[in-house]
Amino acid sequence: SVHSIMMPIGCFIGGILADCFGRRSTLMLSSGMYVAGWLLICGAWNHGMIILGRVIDGASKGMIGTACE
């Protein structure tokens, strides 16, 4: 559920970043965050790392959704 909670927050942040830096830069940043979140999930040693990876993944997906539309 933390993933779904972070998506609207990521949408809000993505909109601000897209206005300031442009859509392309926002997409590059959010794609890097997406990969970092999944790498954290894949290499997790405990539950906290999985949750942090899901937080990063949810925020990045929200940013991607905002920048693509």
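The values are calculated or read from the model by the stated rules, or taken from the named source; none is laboratory data. In this text the structure is predicted, and so the values were computed from the model without any measurement. Protein only, heavy atoms only, side chains kept; ligands, DNA and RNA dropped before computing areas. Shrake-Rupley method; radii C 1.70, N 1.55, O 1.52, S 1.80 Å.
Computed from Cα positions, the angle between helix 23-42 and the longest principal axis of the chain comes to roughly 0 degrees. Entry comment: accessible area of the chain is 63 Å² per residue, from protein heavy atoms only and a probe of 1.4 Å. Against the longest principal axis of the chain, how steep is helix 2-21, in degrees 0 to 90 to the nearest 10, with axes from Cα atoms? With both axes taken from Cα atoms, the answer is about 30 degrees. Potential lengthening of the chain between R24 and W45 amounts to 4.2 nm, from the contour at 0.36 nm per residue minus the alpha-carbon distance. Enclosing the Cα atoms of the chain in their convex hull gives a volume equal to 63 cubic angstrom per residue. Surface composition of the chain: carbon and sulfur atoms hold 72% of the protein heavy-atom accessible area at a 1.4 Å probe.
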